[in-house]
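Written out below as structure tokens is the structure these notes cover.
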Amino acid sequence: MVGDNELADIQGAKAIGMATLLVTDQHVVSNVAEYVVMRDNLHDEVLRLTRH
């Protein structure tokens with residue numbers, strides 16, 4: 001799940017077992033989301049994370 005709200009998007013997705021990516025405009029540390037990505041790097045980071 002990709003979302004920009006830790007409570008509504010990330011915690012909800014985690015509650016049902018989904019992997020999570022928090023999109024943000026500022027440098028933050030998330031205790032819930034597996035990944036945190038700056039909005040201005042979103043495209044590149046999503047591509048990097050999905051190339052396995």
statement: Among residues of the range 1-37 being polar (S, T, N, Q) and not in a helix (DSSP H, G or I), the residue farthest from Leu47 (Cα to Cα) is Asn31
- line: The residue from Ala33, Ala13, Ala19 that alone is touching a Leu at 6+ places or on another chain (Cβ under 8 Å) and surrounded by 11 or more Cβ atoms within 10 Å (Cβ to Cβ) is Ala33
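Since every read-out is calculated from the coordinates, none of them should be taken as a lab result. Just so it is clear, the model here is predicted, and its values are computed rather than measured. Here the Cβ is made from the backbone with ideal geometry for all residues, glycine too, and neighbour counts use every protein chain on show.
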